[in-house]
Every structure is written in C-alpha cells, then in structure tokens.
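Please read the structure below before turning to the comments.
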Amino acid sequence: MLVINSKSLFTCKEGIPATLTYINMDHSVTGSPELIPYPDWRSNTAGDCANSITTAYRIKADECGRLWVLDTGTVGIGNTTTNPCPYAVNVFDLTTDTRIRRYELRSEDTNANTFIANIAVDIGKNCDDAFAYFSDELGYGLVVYSWEQNKSWRFSGHSYFFPDPLRGDFNVAGLNFQWGEEGIFGLALTAPKSDGYRILYFSPLASHRQFAVSTRILRDESRVEDSYHDFVALDERGPNAHTTSRVMSEEGVELFNLIDQNAVGCWHSSMPYSPQFHGIVDRDDVGLVFPADVKIDENNNVWVLSDRMPVFLLSELDYDDINFRIYTAPLNTLIEGTVCDQRSVVFGPPNTVGLHKPVAPYSRQYLPPISHAPGNIHLPVVPHHQTYVTRYTSNNINSPKNFVLQQQNALGLESTGGPHLFPPIVTQPPDGLKNYATIRNSGWWRQPQQQQHH
C-alpha cells in the first residue's frame, strides 16, 4: 500500500473528493492507478474537524507502524481560503487502519501568519518516546509535539527560520515567480548519534542554505527561549537550489528535491555542506517538474512524487497530459557513481556518521489516549557548553577529514580518521552545483506509477 496526500500548495481545493488516499500496489503495477480514500470515505469529510481530515498536507510513517498526518484544516486556495478546522495531527495505526490519536495544536503554537508546511517524526528508546516536529513556513517557527506527554511547544523567532531576501526568485517549468516570504520548510532527521539524540536538518524555502540543531534541544521545552547558539548554519548548496523536501537515510545520505532544476540532489552528511560535495541522482525536465516529496522506505527504496504544482498555481495544467507521477528506485542505485556514494571512495575505518546505537525492537503497546492534561513531566537537561570553532579553510578538498567536517558544521558528532578521496577538481566550477553535479538520466528510475488527472 502506498499512501498519498492529495494536495495543492496550501490547501485542499474544492471538488477534491478525498484528501488522503492510497494505491494498492498489488493491483496497480503500471498505468494510471486508482486512488482509494484512506482510511475510508467518511474520514475525508472536509470541515468535520473532530472525526475527519480536511487537508492532509504532509504525511509520515514511522517504524512503529503509525501514520502521522498533518491536517492544515483549510479549504480553498488563494483569496478563497477558509479555515473551518484548526491545525491538527492525526495518527493512524497502519495495522488496523484506525485513528489512535488526534492532537490540535495550541493557540500558542501558531500566529496570524502560520502555515505548517512539513513534519518529521523522531522515535527514541521506544514507540511512546516519540516526538513530531512541524515547520511553520510563514509564521517562522518550529513546533514540537511529545507523544508521551501529549503536549506541544514552539521555538519562535530564530533568524534561521526566516527566508533569505536574496533567494526569493524562482524559475520552474519556464515560469518565473517570486516566493520571497517562504521560510522554514523541509525537515530531515539523522539516525541517533552516540548521545541518543538525532540531528534535525532544515531549510527555508526561499534559501539555498541548510541549518541544523540537535533534537536534545528540541525535546526540552525549557530551551524554547534559550537555544539560539545551539542552531548551526551550514554552507549554501549553490545556485538554483531551492528545496521543499528532504530525507536522510540511516547511512547518512541526504536526498532533497531541487525544484528549479527538475531534479533530486544528494549529500553525504560526513562531508562538508558545500557544492562540490553535492550530487544529482536524477533530473527529468518532463517527469520531475516540481518533485514535491522525497521519502526513503524501510527497504532503502527512494520514492519521489512530482505534481507540477507551480504550473497549476500560476498557469494551467494540460489535463490531457500526465501531471502526477510517482517514481521509485533503490537508494544505492541512485547514488552510484555520484559524490554521495562512499562505498567505493572511502578508505580506512568505517565512517561512524552512518552508524548508530542498536535499538531494541519496538513494542507496539501504545499509550492509551490522554483525556486530560498530564502532570508535570520533566525531560532531562544535558548541560551544553557553547564552543566556537575556526571555519574550515583547507584548500585540499580532495581529502577532507571527518573531524574537520565536525568542526566545520559545529555539530559535535562522532568522528574517525580515514581520508575521503574524490576526483580532483582543477578549477572551481563557474556554476557550482548546477555544472559540477553528476547527472543521472531518468533511465535509472524504475517505470513510474503514473496518475492522469481528470
């Protein structure tokens, strides 16, 4: 079963019969598959706030067999938008296809400009030790929800959540437009590090830069007003590098959409975050016009959904054409031969960025629904000492060291020795990522599932 959220840029357009659907993969091998409401038609009734989903904007399946569905509660588009329901997260048990929890964000979690654009789910020592992170694209904040406490809090006002005023110009499918107000959007979590916490990577949409913070900070409600220096700024990706979606594999390979380039990019998190260490795993000027979402499943298969969204918003879709596509391919196949593939270029001891502490099998015994406010629950606070490091300025980019990377990114991750050798770059590429990246044509993808819009 492949679950899909049927959405446009901000809201569910009137006339869309179901906002959350799935494809039966046993019956839809090729062609234009039937979209089946999930979990049923009744649960897709717009405006029935307590019992249904109004607009499923983002979804995330976790390793505990739960599907987290972000409902923006909005109907319409542009000036016709209404808000019949509040922002909420609905969590379904994928074994029984039943909703096991619905949580409405508090009024303190949003502001007058709020638009929650993405969700990331962080599982700790067991299934109840779970947190969800929500990016507020237009209200410029990061909302945290604790499953165990059934409680949320908000990190607000950090300058890293805001758009870059120099990066508001977009070019997609021959359309030039400006999305200069678009802030924090895409989110990706690493595997757990040696301290038991993950790193959350994020980017504003109107930006070419990536940022990072430890979930040790985000999980601690007391740090919402005292964490500025715990957030880290990485380098820019290069020109034409706007991105809305990102995902990190267990081995430390980050994939992200490049909406200006009709492409999917990659970066291995053991390398500095700079253009020469970014690759492109696929580019398709027809099939990958606005690759809206990128995910990696439990078998390390990559899934990409493209939907031509800017064409729908700013021009007009050709309804005789295929406008929505789903692509899938093994991660190792996609990164093979790119700068993100360390299987053939890493020498010496294994790089611990891809290793994490083994976790015991999760129990499927979820906590019962919480009908009242929990008592005071205090998370452990680990003392943090701010350390400022010298920026990495080595001219020898052919053999960067992992320990230098950790200084570069100031994340305090594990480090090992061992050189990482790449083909020499004689001169700095004039267009950065665009010209240097290894290009993969669409033949590397498996035959896509194709959805013809009527």
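The values are calculated or read from the model by the stated rules, or taken from the named source; none is laboratory data. Predicted model, so just to flag it, every value in this text is computed and none were measured. Backbone-built Cβ (ideal geometry, glycine too); neighbour counts: all protein chains shown. The accessibility values were calculated without ligands, DNA or RNA, using every heavy atom of the protein model including side chains. Shrake-Rupley method; radii C 1.70, N 1.55, O 1.52, S 1.80 Å.
Of the heavy-atom accessible surface of region 133-214 (probe 1.4 angstrom), what whole percent is carbon and sulfur?
48 percent
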Taking loop as defined by DSSP and a crowding limit of 12 other beta carbons within 10 Å, which chymotrypsin sites (Phe, Trp or Tyr not before Pro) in region 19-95 fit? Trp41
In Å², rounded to a whole number, the accessible area per residue of region 69-167 with probe 1.4 Å is 36 Å²
What nm value, rounded to one decimal, do you get for the distance between Asn301 and Val286 when each label is placed 7 Å out toward the C-beta? 2.4 nm
For Phe185, what residues show an amide H to amide H distance below 5 Å, using hydrogens built from the backbone and excluding near sequence neighbours? Ser203, Leu205
Name the long-range amide H neighbours of Ala130: under 5 Å, sequence gap of 5 or more, or other chain; modelled H, no Pro or chain starts. Gly124, Trp147, Glu148
Shape call for region 253-305, from the Cα gyration tensor axes a ≥ b ≥ c (a/c under 1.5 means rounded, otherwise prolate when a/b beats b/c, else oblate), comes out oblate
The long-range amide H neighbours of Arg58, using H built 1.01 Å from N in the peptide plane and a cut-off of under 5 Å, are Leu70
What does the accessible area of Thr114 come to, in Å² to the nearest 10, when a probe of 1.4 Å is used? 20 Å²
From largest accessible area down, sort Tyr103, Tyr133; use a 1.4 Å probe on the protein chains. Tyr103, Tyr133
At 1.4 Å probe size, with the rest of the protein present, what percent of the exposed accessible area of region 216-331 is carbon and sulfur atoms? 47 percent
Report Met25's accessible area, 1.4 Å probe, all protein chains in place, as a number in Å² to the nearest 10. 60 Å²
Using heavy-atom solvent-accessible surface (probe 1.4 Å) with all chains present, what is the largest-first order of Leu35, Leu255, Leu305? Leu35, Leu305, Leu255
Report Glu108's accessible area, 1.4 Å probe, all protein chains in place, as a number in Å² to the nearest 10. 110 Å²
If you stretched the chain out fully between Glu104 and Leu166, how much longer would it get, using 0.36 nm times the residue separation minus the C-alpha to C-alpha distance? 18.8 nm
Hey, what's region 239-329 come to in accessible area per residue, 1.4 Å probe, Å²? 27 Å²
Classified through the alpha carbon gyration tensor (a ≥ b ≥ c as square roots of its eigenvalues; rounded if a/c is under 1.5, else prolate when a/b is larger than b/c, else oblate), region 38-168 comes out oblate
